[in-house]
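One structure is given here, and the rest of the page talks about it.
Any read-out appearing in this document is the output of simple, stated calculations on the displayed coordinates, not a laboratory observation. Just so it is clear, the structure is predicted and the values come from calculations on it, not from any experiment. Cβ: placed from backbone, ideal geometry, glycine included. Neighbour counts: every protein chain shown.
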Amino acid sequence: MTMAVQGGLLFRAGGGLARVCRFKAALPTNMAAAPSLKFHTSPVASYRKEERYSWFNYVLGDWFSRKENERSKIFVIDGNLAVGKTTLGKTLAEKLDMKYFPEVDVHYFDRFEGDGLPMDKKFSGNVSLEQFYKDPSDPDGHSIRFQMIMFVLRYFQYCEAMNHLISTGQGVILDRSVHSDFVFLEAMYKERYIKKHCYDYYYMVKEEVINKILPPHLVIYLDVPPEEVQKKIEKRGIQMEKDIPLTYLETLDEAYKNDFLKNYSKWSEVLTYDWTNYGDTELILEDINALTYENSPWNKEEDKSLHHRRRILHDPYRVGSWFNIPEYIPEVTLNAVDIINLREEHKNLPGRRFAPGFNPDVGDRVWFKW
């Protein structure tokens with residue numbers, strides 16, 4: 001049972017997450033017959049934007065406490081669809097000198113390798129938000145595959161955000177996060193877009209991995225009644241969103257308020273604002289300045305424990321191994337032969353076979369590198 005993360009591709013043989021990469025397009029059956037290609041590495045930054053980090057950095061005094069300041073926090077902007085999370089997140093990030101992380105999409109990994117452009121969707125699980133909105137009840141199981149890959153990608157983004165905070169001391173603001181991802185699953189299940197065994201599988205994976213990361217210091221929830229959310233969706237005019245049922249928006253609202261906010265208020269600060277007609281950013285800044293974060297699990301972390309976290313978060317392959325859960329789910333699991341074929345096709349794309357600096361085809365010297 002193996003799982004690896006390579007560019008935008010999650011590989012796993014025999015287990016549930018393998019078919020997160022499910023695809024239907026015909027793949028070449030004789031990869032050896034493919035024409036010889038030169039593989040070029042890309043100037044696009046990798047997932048690990050910093051230099052290689054090890055215990056040696058820690059011994060030399062590369063400690064979080066020496067970079068920490070009052071804004072060394074993780075903030076998450078949450079709320080229903082089309083309520084203004086992106087605008088508020090960018091504004092707060094600019095005013096607080098924090099790094100802004102936009103909401104992930106299925107092409108999250110693509111920007112780190114190759115030319116940085118979105119790849120064919122078969123390398124991202126053959127799923128898309130457009131397809132979900134077009135046919136959420138697709139009997140093929142598209143909805144659960146889409147939600148599983150969104151959970152995985154939000155998880156990786158949150159790990160990237162944690163790594164940035166620990167490595168640089170600069171605080172981060174995320175547009176949604178993996179911690180609230182389950183509200184979409186709840187809405188899908190209530191609308192009968194997914195089956196019970198898929199619902200249970202999601203929570204099995206979530207329980208396995210969610211406690212390996214720390215919660216955000218602060219959740220800012222933008223509260224808008226579902227009826228008003230529907231009006232905002234109509235106003236912004238994105239075609240694929242026009243048929244989202246009100247009941248779906250209502251379930252998102254209920255899951256946020258009755259589950260996510262209620263539970264996360266035990267260890268994260270929670271600020272809730274009526275955002276029906278938007279609100280006062282300066283008031284939010286005043287409220288942020290008054291917070292104490294006294295219940296945050298981050299308070300128990302020390303330089304040594306954060307050093308160990310950083311070494312793990314620095315390595316996406318190690319993070320990916322946490323999802324190696326042996327479970328067969330027909331809608332999600334892909335057979336090993338198809339994985340091998342898809343993996344080979346992916347590796348034959350320019351910039352995907354070798355890491356930057358390790359490509360002999362372009363003259364890189366690979367001896368004595370590790």
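Peptides 68-81, 99-112, 301-314, ordered by how many other C-beta atoms sit within 10 Å of their residues on average, highest first, read 68-81, 99-112, 301-314.
Under 5 Å between amide hydrogens, built in the peptide plane, is the criterion, and for residue 272 it picks out 221 among residues at least 5 positions away or on other chains.
Dividing the alpha-carbon radius of gyration of the range 47-319 by 2.2 N^0.38 Å (N being the number of residues), what value is obtained? Compared with the compact-globule rule of thumb, the range 47-319 sits at 1.02. For the listed peptides 171-179, 340-348, 286-294, 122-130, a ranking on the average number of other beta carbons within 10 Å per residue, highest first, reads 171-179, 122-130, 340-348, 286-294.
Measuring against 19 Å, Cα to Cα, the residue pairs 121/196; 90/231; 73/266; 212/300 contain 121/196; 90/231 as the ones spanning a longer distance.
The alpha-carbon of residue 195 sits under 16 angstrom from the alpha-carbons of these aspartates and glutamates, leaving out residues fewer than 8 places away in its chain: 135, 138, 140, 186, 327, 331.
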